[in-house]
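Report on the structure given below.
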Amino acid sequence: MMDPRLNVINKRFQNVKKIIAVSGGKGGIGKSQTAASLALCLAKHNYRTGLLDLDFCGPSTHVILGVEGIYPEEEKGIVPPKFNGISFMSITYYTGNNPSPLRGSEISNAIIEILAITRWEDLDFLIIDMPPGTGDPVLDVIRLIKRVEFLLVTTPSRVAQEVLKRELKVLNELGITVIGILENMKTKKGSQVASELLNLDVPFLGSIDFDYDLEDALGSPAKLLQTDFAAQLDQIISQKCL
Amino acid sequence: MHEWALAEAVVETVLKEAGKENLKEIVRVKVMVGELQQIELDVFNFAMENILQQGGGALSMEKISLEVDKCVLRCKVCGEDWYYSDSLQDLSEEDSEAIHFVPEVAHVYVRCPRCGSPDFEITSGRGVWIDYIEGEK
């Protein structure tokens, strides 16, 4: 019994130059905010950008960006619609606002389905918003998308950093490229993350301060781009990733 | 035509596997289509035919047979088995279409008829797969 979907997945990414999975292990550290804002910043710099939300049980990039009223087109597969210049794909097109109570193997199957049927146009960057943890979705993305690179997000909390180190070990063991680590929600001077990661062979990209006004910008790409969060992220990626 | 993407995957996989096995001739291919995905077979066949015309190599339509696999669901909470076709009457056209694109979305719209749980297993009839490829070396 052969699953034919597995044979077309890499073909679906043949017109995508760089694929970045935004991950970090722990929940609530700002992965989705980073992924959505990163996509906005790249699009602002006129890069052809896609955003794929693979957090099937807790999708949120559509809320962060304010995506409403658009739906993929069917053209020899499905073509993600554009939102604010970003080709945007999310399971919410099919679930609406309903919860999706999926077990691990079903999440895997849904990921394979989405990857096999989504036809991305020519892109400079595809940003993938990953769910928390290093379970099925992370392993599937590594298994199925051969050119994926990881951008890891953490916070000054030791709890987040301990989880991050575990994910980093998995990625290193599997030989996956890690672009670097981003410290989010910094509240004190200096960087606890930078010093903590000194012994790890991975680039520290920079820190983003806790942005108390970020919540007010949710749902509006224009307002999001005006936040301190986006400004700091933009500066970091411009210096370290572009 | 979402069927096109799946048809393309089937053709590519058959040709790849035939190449791996050094088959000079493909005699028969059996493709199973899970009922849950509600593939439109006419559209699926049309897509395969078109893709094969663009370069099917040793594969042609008359060698492919399709069979629909009945979809059975099993509740993980109470153990009830039931046919997806029995749940279809409770689904709107939009719900059904969503399941067509991503079959796991069934967990969003379908509930166990006995206990009402969304925690069920798709025991058969999910997706599209190649059951076997017969050929000559």
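The table below lists the values:
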read-out	value
Amide hydrogen neighbours beyond the local backbone of residue A:83, cut-off 5 Å, H modeled	A:88
Translational diffusion coefficient (Stokes-Einstein; Kirkwood radius from C-alpha pairs) of region B:1-65 at 20 °C, 1.002 mPa s, in µm²/s	177 µm²/s
Unit Cα scatterers, Debye sum, chain B: log10 I(q)/I(0) for q = 0.14, 0.18, 0.19, 0.21 Å⁻¹	-0.68, -0.93, -0.99, -1.13
Cβ charges +1 (Lys, Arg) and -1 (Asp, Glu), total dipole of region B:72-124, debye	280 debye
Long-range HN-HN contacts of residue B:120 with modeled amide H, under 5 Å	B:76
Cα lying deepest toward the dipole's positive end in region A:97-169, options A:100, A:126, A:164, charges on Cβ	A:164
Candidate lysines for bridging to residue A:223, where Cα separation is under 27 Å - those fewer than 8 sequence places away on the same chain excluded	A:18, A:26, A:31, A:44, A:82, A:186, A:188, A:189, A:240
Net charge, residue A:79 excluded, C-beta distance under 13 Å - Lys, Arg +1, Asp, Glu -1	-1
Cα-based equivalent ellipsoid of the protein assembly as shown: semi-axis lengths in Å, sorted from largest, via gyration tensor	39, 24, 20
Largest-first principal axis extents of the Cα set of region A:1-150 (Å)	45, 33, 30
Projected-area mean, region A:29-80, by convex hull of Cα positions, square nanometres	4.5 nm²
Dimensions (Å) - region A:112-190, Cα atoms, principal axes, largest first	45, 25, 19
Quotient of C-alpha Rg and 2.2 N^0.38 Å, computed over region A:16-240	0.96
Inter-part distance where region B:2-29 and region B:63-115 are each reduced to a Cα centre, Å	28 Å
Lysines with Cα under 23 Å of residue B:70, excluding same-chain neighbours fewer than 8 positions away	B:30
Neighbouring partner chain Cβ atoms per residue of A:70-77, average, 10 Å criterion	4
Principal axis dimensions, largest first and in whole angstrom, of region B:72-124 by Cα	28, 18, 16
Qualifying chymotrypsin sites (Phe, Trp or Tyr not before Pro) for region A:144-242 [loop in DSSP, other Cβ within 10 Å: at most 10]	A:212
In region A:80-124, the GluC sites (Glu not before Pro) that fall in loop regions by DSSP, at most 15 other Cβ within 10 Å	A:121
Residues whose placed amide H lies under 5 Å from that of residue A:118, excluding near-sequence neighbours	A:78
Options A:87, A:35, A:200, ranked by Cα towards positive dipole end of region A:16-240, top entry (Cβ charges)	A:200
Cβ neighbours within 10 Å from other chains - mean over B:94-100	2
Loop-located trypsin sites (Lys or Arg not before Pro) in region B:1-30, at most 10 other Cβ atoms within 10 Å (DSSP)	B:24
Most to least packed among A:74-87, B:90-103 [average Cβ atoms within 10 Å]	A:74-87, B:90-103
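Readers should treat all values here as calculations from the given coordinates under stated rules, not as data from a laboratory. On a predicted model such as this, the values are computed, not experimentally measured, just so you know. Glycine also receives a Cβ, built like all others from the backbone with ideal geometry; neighbour counts cover every protein chain displayed.
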